[in-house]
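To keep things clear, I will list the structure first and then write my remarks on it.
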Amino acid sequence: MLEALRPQPADKILQLIQMFKDDPRADKIDLGVGVYKDPTGLTPVMRAVKAAEKRIWETQDTKTYTALTGDPGYNGTMRRLILGDAVDDARLSSIATPGGTGAVRLAVDLAKMANPGATVWVSRPTWGNHISIIKFVGLPVAEYRYFDEAAGEVDFAGLTEDLGRVKAGDVVLLHGCCHNPTGANLTADQWQKVIAILKAQGALPLVDLAYQGFGDGLEDDAAATRAVAAAFPELLIAASCSKNFGIYRDRAGILIAVSADAGQTQVAQANLNFLNRQTYSFPPDHGTRVVMTILQDADLTADWKAELEETRLTMLRLRTQLAEELRKATNSDRFDFVARHRGMFSRLGLTESQVDRLRTEFGIYMVGDSRINIAGLNSATVPVLARAVAAVL
Ligand code: LMR
């Protein structure tokens, strides 16, 4: 029977990891997968994470099952971190999930259970795995314009026009902050316009919040999600702790459902529990326990916030430097948008053959759509990238 299986296309981002490993050049530069790296190239374990792990190791006396939701303490602290007090707790249900991807997957499953006729709208472009997951779950995907490639900015006219075609009961996937792959984000005013359109259309927002703290700061990066949550009777939020806690391999995420009232919250919670049970039973505990331990302790929280802020500011400095170096190397302001973008990624607007040349001739690895991971750079490699980009233009 298994001979009936067909080969699957390799994920473009994950494929790059292997190609980079296989490249023998010592001066190669990895701007592929979205993983933070410090200036020495290491993805560090954050100080507060180490301290929390030590505390857990010293005090944990059982590894028996927790709950289908994951630890209630994790759910509570994460809900607050993401939503503040934007929504009454009585309208919130949630489950811990294996990473943000687990949350996205179950969110789409839940949407299909609620409305099998829904179309899921994603930005063009979006994270490739969004489209892959939605199709795999079996819902149709539609795209709304998002990015003006020539300007390196949000195509707001195209976006609002396309969102005007969303049907009642459709799901609209929104990047809460730090848009992946473009790095171009909506202003607060534009978010309000998007909210007004989606409300008028009767859409269900699904906010993917994978980079809270990597853009303008922990609170600012949650502002759009909170504005959406405050405006809609119902929505879904898929969030990740991979990046802002640096616990990529531990797989900690959360899926939050906001319901219209307390009665519907109970039903939503039962469905979330059911989804966890059907998919992998209990969600992984270690990463979520680390997050909860940090968020329940004032000192650990303060240290985590301080280190996260250092991380964010490092990426911002790299953005400024890269925009300047590209200006010098190309003698144009074509790439100035890099300094205005936020988060780990920017899309440079290069052709696929230019991206190929950067890899083969210069050992610089980026995703085929010319998305770069800013955190893969350091102050010494920024000018190297800028000169190489100028050379392939
Ligand atoms: C990325 O976009 O590089 C990250 O979200 C990692 C991944 O799983 O693709």
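Quick note: the coordinates plus some simple rules give every number you see, no bench work behind them. In this text the structure is predicted, and so the values were computed from the model without any measurement. Please note: Cβ atoms are built from the backbone with ideal geometry, for glycine as well, and neighbour counts cover all protein chains shown.
Taking a Cβ cut-off of under 12 Å around residue 169, the surrounding Lys, Arg, Asp and Glu residues balance to a net charge of 0, with basic ones at +1 and acidic ones at -1. Between residue 391 and residue 167, the FRET efficiency from the beta-carbon distance, with R0 = 45 Å, is close to 0.40. What the phi angles of segment 279-289 give under the Karplus curve with 6.51, -1.76 and 1.60, with θ = phi - 60°, is a coupling list of 8, 8, 6, 7, x, x, 9, 4, x, 5, 5 Hz, glycine and proline written as x. Label-to-label distance for residue 333 and residue 15 is 3.8 nm, based on points extended 7 Å past Cα in the beta-carbon direction. Around the Cα centre of segment 65-296, unit charges on the Cβ atoms of Lys, Arg, Asp and Glu (plus for the first two, minus for the last two) sum to a dipole of about 700 debye. The orientation-averaged projected area of the convex hull spanned by the Cα atoms of the chain comes to 20.5 nm². Between the alpha-carbon centers of segment 264-291 and segment 316-345, tell me the distance in whole angstrom. So the two Cα centres are separated by 41 Å. On the beta carbon distance between residue 234 and residue 153, with R0 = 41 Å, the FRET formula returns roughly 0.85. Mean separation of Cα pairs under 8 Å and 6 or more residues apart, divided by the residue count, gives segment 103-229 a relative contact order of 23 percent. Under the convention that each Lys and Arg Cβ holds +1 and each Asp and Glu Cβ holds -1, the size of the dipole of segment 258-393 around its Cα centre is about 460 debye.
Residues in segment 147-157 carry Karplus couplings, in order, of 10, 8, 4, 5, 8, x, 10, 5, 8, 5, 5 Hz; the curve used is 6.51 cos²θ - 1.76 cosθ + 1.60 with θ = phi - 60°, and Gly or Pro positions show x. For the peptides 53-65, 314-326, the ranking by mean Cβ contacts within 10 Å, running from highest to lowest, is 314-326, 53-65. Under the simplified labelling scheme, the residue 273-residue 220 pair shows an inter-label distance of 4.1 nm, with each label point 7 Å from Cα along Cα→Cβ. Between residue 281 and residue 357, the distance separating the two model label sites (each 7 Å from Cα on the Cα→Cβ line) works out to 5.5 nm. For the chain, find the longest principal axis of its Cα atoms and tell me its angle to the long axis of helix 47-59, 0 to 90°, nearest 10. For 47-59 against the chain, the angle is about 40 degrees. Taking a straight line from the alpha carbon of residue 28, these aspartates and glutamates sit under 20 Å away, with near neighbours fewer than eight places off in the same chain left out: 38, 325, 352, 356, 361, 369.
Against the main long axis of the alpha-carbon atoms of the chain, helix 128-137 sits at an angle near 40°. Which of the aspartates and glutamates could a cross-linker bridge to residue 21, judged by Cα under 13 Å and excluding same-chain residues fewer than eight apart? Output for residue 21: 30.
Spatially, segment 39-91 and segment 162-194 are offset by 28 Å when compared through their Cα centroids. For the chain, adding -39500 (n - 2.57) for each run of n ≥ 4 DSSP H residues and dividing by the number of residues yields -15000 deg cm²/dmol at 222 nm. Of the three principal axes defined by the Cα atoms of segment 65-296, the extents in descending order read 50, 35, 32 Å. Give 63/135; 37/63; 135/243; 37/199; 12/305 a once-over and call out the pairs whose C-alpha atoms are over 28 Å from each other. Table pairs above 28 Å Cα-Cα are 63/135; 37/63; 37/199; 12/305. Taken over the C-alpha atoms, segment 132-256 has Rg and Dmax values of 14.5, 40 angstrom.
In nm, what is the difference between 0.36 nm times the number of residues separating residue 310 and residue 80 and their Cα-Cα distance?
80.6 nm
Entry note, segment 65-296: relative contact order of 32 percent, from Cα contacts under 8 Å with a spacing of 6+ residues.
Summary value for the chain: 26 percent relative contact order, contacts being C-alpha pairs under 8 angstrom separated by 6+ residues.
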